Every structure is written in C-alpha cells, then in structure tokens.
Amino acid sequence: MSDDAVKRAFAEAEKEASELVEQARKARAVRLNAAKTEAKAEIKQYREAEDARLAKLQENNAGQEDLSQLAVKADEDIVAMQASVAANKSSAVELLMTAVQRVNLEVPLARKGVF
C-alpha cells in the first residue's frame, strides 16, 4: 500500500469511529430523556397516591384526636418532671457540692514514674 492509501484508510477509519461515538452519544441522550420522563411519571403517580392518603387521613380526623391526646400526655409528663425536680433538688445540689469539694491531692503513680 502506498502512503496515500494508508492515509485514506486511516482517515476513513477515524471517520467511522467518530460516527460511532456520535451515534452512541445520541443514543445515550435518548435513554437519559426517556429515564427522566419515566421518573417524572413515577414521581407524579407517587405524589398523587400520597395526596390521596393524606386527604383520607384528614377526612377521618384521626390525626387531630391523637394530637390532643399527645398534648395532654405531654402536659402530664411536664408536671411530673417538675415535681420530681422540686423533690430531688436539694439532694442533687448536695451531691454536686460534695463531688466538687472532694479533691484528691495524691500524685498518681504513673505521674511519679512508678509503673
């Protein structure tokens, strides 16, 4: 083969390769667009299902009864905790003061270099 024939063959192969790459890019873009469309459809379907579920819950008013019961329970718990704090306040302060005032003045053996 002459140099011109080799160059032409090389140019032709390069052109075919670039066409294959371009086709692959286009196919990828088509697949991405299809995936986006499918994802949007799935999201829309999920959102509609969840909206319907929410509407059903709101119609039943089950959520509001639970909220009022939770509020009453929380208030009861707060009152119980405040009573516990009031009852144990002096002993807790005494325990903290004892722990703060008790200081060990001995140097640890590890600090002295005795192992």
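The values are calculated or read from the model by the stated rules, or taken from the named source; none is laboratory data. All of these numbers come straight from a predicted model, not from anything done at the bench. Positions of Cβ are generated from backbone atoms using ideal geometry, with glycine treated the same way; all protein chains shown enter the neighbour counts. The area values use the complete protein model at the heavy-atom level, side chains included, leaving out ligands, DNA and RNA. Shrake-Rupley method; radii C 1.70, N 1.55, O 1.52, S 1.80 Å.
Key figures for this structure:
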read-out: Filter pass, Asn88 being exposed (fewer than 10 other Cβ atoms within 10 Å of the Cβ) and of a type in the set (S, T, N, Q); value: no
read-out: Boolean, Leu57 is modelled with pLDDT under 90 and surrounded by 10 or more Cβ atoms within 10 Å (Cβ to Cβ); value: yes
read-out: Matching option when the condition is within 38 Å of the chain's Cα centre (by Cα) and at pLDDT 90 or above, among Arg8, Arg28; value: Arg28
read-out: Selection from region 62-83 of residues that are modelled with pLDDT of 90 or more and among the polar types (S, T, N, Q); value: Gln82
read-out: Test for Gln23: is it of a type outside the set (Val, Ile, Thr), open to solvent by 100 Å² or more (accessible area, probe 1.4 Å) and over 26 Å from the mean Cα position of the chain (by Cα); value: yes
